[in-house]
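Only one structure is covered here, and it is reproduced in the block below.
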Amino acid sequence: MGDCQDSGQKRWDHLRKVLERPGPFCHPDFEPSSDILDFIMTACKVLVVGAGGLGCEVLKNLVLMGFKQIHIIDMDTVELSNLNRQFLFRRKDIGCSKAEVAADFINKRVSGCHVTPHFRMIQDYDDLFYREFHIVVCGLDSIVARRWVNGMLVSLLNYEDGVLDQTSVIPMVDGGTEGFKGNARVILPGMSACVECTLDLYPPQITYPLCTIANTPRLPEHCIEYVKVVQWPKENPFRTLLDGDEPQHVSWIYEKSLERAAQFNIPGVTYRLVQGVVKNIIPAVASTNAVIAGICATEVFKIATSCCVPLNNYLVFNDVDGIYTYTYEAEKKENCLVCSLIPQTITVKDPTKMKLKEIYTLLTDSAQYRMKRPGLTTNINGKSKTLYLTALRCLEEKTRPNLSKTLEELGLSDGSEILVVDDTSPNTMIIRLKYLSGDVEMN
Amino acid sequence: MASPAPKSPEQSEKSKKYDRQLRLWGDHGQMLLENAKVCLINATALGTEILKSLVLPGIGAFTIVDGEKVSEEDIGSNFFLDSDSVGMSRAQVTTNSLLELNLDVRGDCIDETPEHVLSHTQNFFNNFDLVIGTALPEKVLILLSKHLWEANVPLIVCRSIGFLGYIRLQVKEHTVIEAHPDSENPDLRLTNPWPELKEHLDKVDISKLDSKERSHVPALNILYYFIKKFQEENDGAQPVSRNDKNRIREMIKNSVEYDENGIQILEENFEEAIHFVNTCLSSQTIPKQLKTLLEDDACTNLTQNSSPFWIMCAALREMIQSDETIPVKGSIPDMASDSESYIALQQIYHRKALAQAENVYRRACQIVRNLGLPQDTVSEQEVKLFCKHSSELHIMRGSCIADEYEKNSPDLSSYLEDPDSLMFYYVILRGLERFIGEFNTYPGQFDDQVEPDVLKLKIIIGKLLSEWGCTQVLRDERVHEVCRYGGAELHSISAILGGAAAHEAIKLITHQYKPLNNTFIYDAITSNSATYTL
């Protein structure tokens with residue numbers, strides 16, 4: 001049966017009622033018609049990023065909201081601990097690609113839909129791939145990946161004389177959960193707040209100062225962290241990097257942590273806690289994922305059909321105490337690193353004293369940038385010059401001495417542009433140095 | 001080098017599979033879940049979405065009661081059906097697909113309408129720990145609500161229509177020991193320390209420490225020292241007011257000397273001591289919420305039918321009456337310190353908590369004996385947990401849905417003053433139920449009936465409002481919007497409500513986290529929600 005006829009089937013009567021009838025709360029542009037269902041079934045291409053707890057749910061929701069041209073991308077394979085919520089996977093699927101199993105299951109269960117899986121990393125594809133989609137939905141547990149997708153969609157925008165070409169905007173719907181809390185948001189790249197505009201919403205990862213874990217441990221976490229970052233590299237018990245999914249590795253950490261805890265009389269080291277600290281486990285449950293994925297899919301449906309005004313633009317959910325939601329408009333940051341057209345500048349007080357290391361630390365530690373391990377290059381007199389590269393170990397070692405050189409020693413001057421690449425973005429970012437005039441004294 | 005023979009505990013399959021949720025409700029919560037039996041009435045898209053989020057985390061068993069045959073519309077909205085299932089028993093097909101989700105869960109179904117079951121199998125629903133109903137006709141809802149209220153079985157009622165959702169909990173009495181509040185103040189008792197703690201804290205004189213000792217002394221010692229100083233200044237008075245607290249902060253700050261450059265650098269532990277002033281100097285009286293609980297009839301008049309919760313409350317009451325203090329939590333927040341001082345403090349609090357819990361347990365055992373109940377009615381483990389959380393104990397007493405429909409007209413006037421209130425949707429949904437009862441169809445179900453149905457529904461709602469003594473007028477557009485839906489069930493809306501309702505079910509079963517009290521309205525048009533106690 002062809003797709004056009006498919007939209008006429010009785011099974012889609014639910015959708016037809018809201019798409020073929022006028023309503024008082026529809027988007028002003030909404031014109032009820034059977035063409036809308038045809039559009040979402042045959043033409044509208046949606047990309048689901050992540051096939052985990054949220055991704056599985058989003059995929060199911062989208063196909064039952066009439067979407068058929070769906071792609072899903074995830075580089076992960078199914079694990080036992082996924083099965084308490086990632087409902088498209090069974091025990092027999094452990095070790096298989098999440099994206100492939102999920103697509104296969106959905107295509108079998110819901111006749112007529114075409115879900116295309118990609119067992120790949122998001123970085124494996126370039127703008128040509130991402131440009132194909134009308135809407136992108138993210139269900140990720142990684143902030144870095146979220147920032148990368150956001151950066152990609154912003155880079156697809158076209159500006160003519162500084163005016164945004166609206167046809168180049170690909171809306172991004174993003175969901176996140178942790179325990180019984182979650183959030184969902186709609187991003188219109190270039191038009192509303194993007195992931196980078198609101199970077200401060202993500203809490204920084206908990207880290208324990210080395211001096212505490214080495215000298216004055218008080219909590220079981222301090223003991224585990226010490227074994228993980230000090231004892232493991234030193235003793236290298238399995239002659240390999242620590243793998244949180246390897247039971248032998250976790251057991252080793254557990255036993256050594258117990259020993260260390262006993263030495264300081266610290267109670268509370270359990271196997272579960274050790275796993276949690278080693279793998280940085282975020283608690284997760286089916287119900288919260290269902291809620292957030294439902295909200296995300298509803299927003300995709302609203303954007304694609306105009307049958308309601310989409311969420312503007314951020315929703316938080318919490319059902320620890322009753323059921324609570326709160327909706328507000330996150331604000332676009334005027335000088336956002338990613339989505340504003342304003343060049344980034346770093347102010348330099350004294351180029352004869354400021355070292356490259358300070359710029360590097362600013363990029364990694366300041367709330368504004370929070371980069372992972374940026375690589376820095378520049379152009380001097382038309383020639384490319386490497387400042388500091390992190391991608392390969394040999395390059396890192398070779399360029400490391402530059403970190404302790406001053407900007408002057410490196411030949412940088414007022415107005416110099418530093419080109420920054422980082423895991424958090426698919427694009428090279430440009431940061432301009434701005435020297436304060438000479439008569440400003442450092443105190 | 002070979003590693004020593006592993007001493008790690010063998011992780012069971014279950015604890016691996018459920019790892020991510022065990023971190024939220026623990027093994028004891030999981031056990032309650034795995035022993036629970038729930039019944040779902042009507043396997044609509046919403047119904048199966050709720051069950052899905054209960055089957056995945058491992059509910060013990062479910063039963064679906066549904067007399068419908070699978071329709072084509074069902075296939076378009078319900079994930080647990082496929083195109084081959086048209087015409088088959090909806091209860092049967094959805095039961096089979098749901099069971100595929102988790103081999104540890106048992107499930108069965110009754111291919112009959114709830115009316116039929118209610119009238120033919122006396123007490124059928126009494127066998128469940130929880131009953132969940134979706135798309136219930138008003139008549140059945142009222143019968144079921146009365147029946148379960150009498151039988152003391154909790155009921156969750158949900159509805160998903162177009163972009164609107166409704167969840168209502170009916171539970172006679174629900175008690176929570178572990179509410180897991182998002183933030184809680186440390187329980188330190190510094191203004192009123194028990195002898196062991198006092199003796200320990202008195203040993204440290206902050207003014208006599210050398211600079212190395214100063215940098216390692218825990219914030220608790222610092223704060224305690226300056227509370228004492230404050231009391232010396234004020235004839236032994238406790239610091240209570242904001243001014244008192246500011247004075248203590250000032251004293252802590254002033255105790256830090258200036259370095260050779262004239263700069264005063266507060267070390268981390270002194271910063272923490274200043275920070276703790278706000279959260280740790282709360283008055284030591286019994287929290288109001290706990291007081292109410294301990295004066296409750298259920299606590300003061302125990303019977304053989306009293307639950308362990310109330311027996312523990314009574315024991316706690318006795319203990320508080322004799323000791324004039326509530327049990328300490330027994331844990332302290334992390335703070336900059338050398339390991340030894342911190343652990344010493346931690347142990348003092350822990351020991352006190354254990355001793356108090358033992359005291360309460362002894363009393364509880366005596367009460368159990370006096371009531372003639374079996375010795376294992378209350379376990380020591382339970383009492384420890386109970387004491388640890390005594391300041392956050394929670395009780396919820398609900399209302400019967402049937403009363404809301406038949407006896408007490410809800411007092412909605414105050415809500416309806418606000419024209420944007422989501423309470424209007426509650427009113428409309430009540431009208432919708434009555435419409436279905438009268439005309440045996442959803443308003444707007446047929447394309448050519450939308451306009452006439454708007455008029456009919458408005459009349460019904462007008463009648464309801466005047467029955468309830470409300471003078472407010474409903475905006476026509478909201479009635480129109482609901483008629484536009486024509487009974488459509490949108491899958492993604494059911495998914496949202498399904499997740500939320502399932503978690504309420506888990507709260508009721510595990511007695512952890514505070515449940516909804518008692519009515520939730522979700523408006524997906526604006527992505528807003530509201531909770532009302534009816």
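The values are calculated or read from the model by the stated rules, or taken from the named source; none is laboratory data. Keep in mind it's a predicted model, so treat the numbers as computed, not measured. A quick note on method: Cβ atoms are made from the backbone with ideal geometry, for glycine too, and the neighbour counts reach across all protein chains shown.
Looking only at residues of the stretch B:84-106 that are surrounded by fewer than 19 Cβ atoms within 10 Å (Cβ to Cβ) and closer than 17 Å to A:GLN9 by Cα, we find that the one that is farthest from the other protein chains (Cβ to nearest Cβ) is B:GLY87. Evaluate the following for B:PHE424: is it in the same structural domain as B:GLN472 (by TED's automatic domain parsing) and at pLDDT below 95? Answer is yes for this residue.
Residue pairs whose Cβ atoms lie under 6 Å apart, separated by 6 or more positions or on different chains, with the first residue in the stretch A:50-65 and more than 10 Å from chain B (Cβ to nearest Cβ) and under 11 Å from A:GLN86 (Cβ atoms) and the second at pLDDT 95 or above and in a helix (DSSP H, G or I), are A:ALA51/A:LYS98; A:ALA51/A:ALA99; A:ALA51/A:ALA102; A:LEU54/A:ASN289; A:LEU54/A:ALA293; A:CYS56/A:ALA102; A:LEU59/A:ALA102; A:LEU59/A:ILE106.
Considered as a group, the residues in the stretch B:341-370 that are small (Gly, Ala, Ser) and touching a residue at least 40 places away in the same chain (Cβ under 8 Å) include one that is surrounded by the fewest Cβ atoms within 10 Å (Cβ to Cβ), and that residue is B:ALA344. Listed by first and then second residue, the pairs with beta-carbon distance under 6 Å, at least 6 apart or on different chains, first residue in the stretch A:273-285 and more than 7 Å from chain B (Cβ to nearest Cβ), second aromatic (Phe, Trp, Tyr) and surrounded by 19 or more Cβ atoms within 10 Å (Cβ to Cβ), are A:VAL274/A:TYR254.
If you check B:LEU345, B:LEU385, B:LEU371, which single one turns out to be at pLDDT 95 or above and under 28 Å from the mean Cα position of the chain (by Cα)? Just a single option satisfies the conditions, and that option is B:LEU385.
Looking only at residues of the stretch A:158-187 that are closer than 21 Å to A:ILE342 by Cβ and either in contact with a His (Cβ under 8 Å, 6 or more places away or on another chain) or in contact (Cβ under 8 Å) with a residue 40 or more places away in the chain (or both), we find that the one that is surrounded by the fewest Cβ atoms within 10 Å (Cβ to Cβ) is A:GLY162.
Across the stretch B:125-158, the number of residues qualifying as touching a residue at least 24 places away in the same chain (Cβ under 8 Å), assigned to a helix (DSSP H, G or I) and of a type outside the set (S, T, N, Q) comes to 12. Scanning the stretch B:480-496 for residues that are more than 7 Å from chain A (Cβ to nearest Cβ) and not in a helix (DSSP H, G or I) yields a single hit, B:GLY487.
Just one of (1) part of a loop (DSSP other than H, G, I, E, B); (2) under 30 Å from B:VAL482 (Cβ atoms); (3) small (Gly, Ala, Ser) fails for B:ALA402. It is (1). For the stretch B:447-479, filtered to residues that are more than 11 Å from chain A (Cβ to nearest Cβ) and not in a helix (DSSP H, G or I), the residue that is surrounded by the fewest Cβ atoms within 10 Å (Cβ to Cβ) is B:THR471.
The single condition among (1) touching a residue at least 40 places away in the same chain (Cβ under 8 Å); (2) crowded, with 17+ Cβ neighbours inside 10 Å that A:GLN205 does not meet is (2).
Taken together, the criteria place A:PRO310 among residues that are out of contact with any Gly (no Cβ under 8 Å at 6 or more places or on another chain) and not aliphatic (A, V, I, L, M). Among the criteria (1) out of contact with any strand residue (DSSP E or B) (no Cβ under 6 Å at 6 or more places or on another chain); (2) crowded, with 20+ Cβ neighbours inside 10 Å; (3) of a type outside the set (Phe, Trp, Tyr), the one A:ILE295 does not fulfil is (1). Counting just the residues of the stretch B:153-175 that are farther than 17 Å from B:GLY133 by Cα and within 10 Å of chain A (Cβ to nearest Cβ), which one comes out surrounded by the fewest Cβ atoms within 10 Å (Cβ to Cβ)? The qualifying residue surrounded by the fewest Cβ atoms within 10 Å (Cβ to Cβ) is B:GLY162. Restricting attention to the stretch B:220-233, the residues being closer than 18 Å to B:GLU196 by Cα and of a type outside the set (S, T, N, Q) number 7. Could you tell me whether B:LEU81 is free of Cβ contacts under 8 Å to residues at least 24 places away in the same chain, crowded, with 23+ Cβ neighbours inside 10 Å and not in a helix (DSSP H, G or I)? So B:LEU81 fits the description; yes.
Within the stretch A:227-249, the set of residues being touching a Leu at 6+ places or on another chain (Cβ under 9 Å) and under 29 Å from A:GLU178 (Cβ atoms) comprises A:LYS228, A:VAL229, A:VAL230, A:TRP232, A:HIS249.
Restricting to the stretch A:370-419, give me the number of residues that are under 30 Å from A:PRO203 (Cα atoms), crowded, with 19+ Cβ neighbours inside 10 Å and in contact (Cβ under 8 Å) with a residue 40 or more places away in the chain. Within the stretch A:370-419, residues that are under 30 Å from A:PRO203 (Cα atoms), crowded, with 19+ Cβ neighbours inside 10 Å and in contact (Cβ under 8 Å) with a residue 40 or more places away in the chain number 6. When the stretch A:261-317 is filtered for residues that are part of a helix (DSSP H, G or I) and small (Gly, Ala, Ser), the ones remaining, listed by number, are A:ALA261, A:ALA262, A:GLY276, A:ALA286, A:SER287, A:ALA290, A:ALA293, A:GLY294, A:ALA297, A:ALA304. So, A:SER97, is that one surrounded by fewer than 21 Cβ atoms within 10 Å (Cβ to Cβ), without any contact (Cβ under 8 Å) to a residue 12 or more places away in the chain and polar (S, T, N, Q) or not? No, not satisfied. Identify all residues within the stretch A:370-385 that are modelled with pLDDT of 90 or more and either assigned to a loop (DSSP other than H, G, I, E, B) or closer than 19 Å to A:SER425 by Cβ (or both); write none if there are none. A:ARG370, A:MET371, A:LYS372, A:ARG373, A:PRO374, A:GLY375, A:LEU376, A:THR377, A:THR378 - these are the residues of the stretch A:370-385 that are modelled with pLDDT of 90 or more and either assigned to a loop (DSSP other than H, G, I, E, B) or closer than 19 Å to A:SER425 by Cβ (or both). Which residue pairs have Cβ atoms closer than 8 Å, lie 6 or more positions apart in sequence or on different chains, and pair a first residue in the stretch A:307-319 that is within 7 Å of chain B (Cβ to nearest Cβ) with a second residue that is assigned to a loop (DSSP other than H, G, I, E, B) and among the β-branched types (Val, Ile, Thr)? Hits for this filter: A:CYS308/B:ILE525.
Here's the yes/no breakdown for (1) outside the structural domain of B:GLY330 (by TED's automatic domain parsing); (2) assigned to a loop (DSSP other than H, G, I, E, B); (3) not hydroxyl-bearing (Ser, Thr, Tyr):
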{"site": "B:SER207", "(1), (2), (3)": "yes, no, no"}
{"site": "B:PHE226", "(1), (2), (3)": "yes, no, yes"}
{"site": "B:MET251", "(1), (2), (3)": "yes, no, yes"}
{"site": "B:GLY262", "(1), (2), (3)": "yes, yes, yes"}
{"site": "B:GLU271", "(1), (2), (3)": "yes, no, yes"}
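For the stretch A:66-90, the tally of residues that are among the basic types (Lys, Arg) and facing chain B (nearest Cβ under 9 Å) stands at 2. Residue pairs whose Cβ atoms lie under 9 Å apart, separated by 6 or more positions or on different chains, with the first residue in the stretch B:8-26 and more than 7 Å from chain A (Cβ to nearest Cβ) and buried (at least 16 other Cβ atoms within 10 Å of the Cβ) and the second outside any helix (DSSP H, G or I) and of a type in the set (A, V, I, L, M), are B:TRP25/A:VAL285.
Apart from one condition, B:MET1 fits all of (1) aliphatic (A, V, I, L, M); (2) at pLDDT 95 or above; (3) not in a helix (DSSP H, G or I); the exception is (2).
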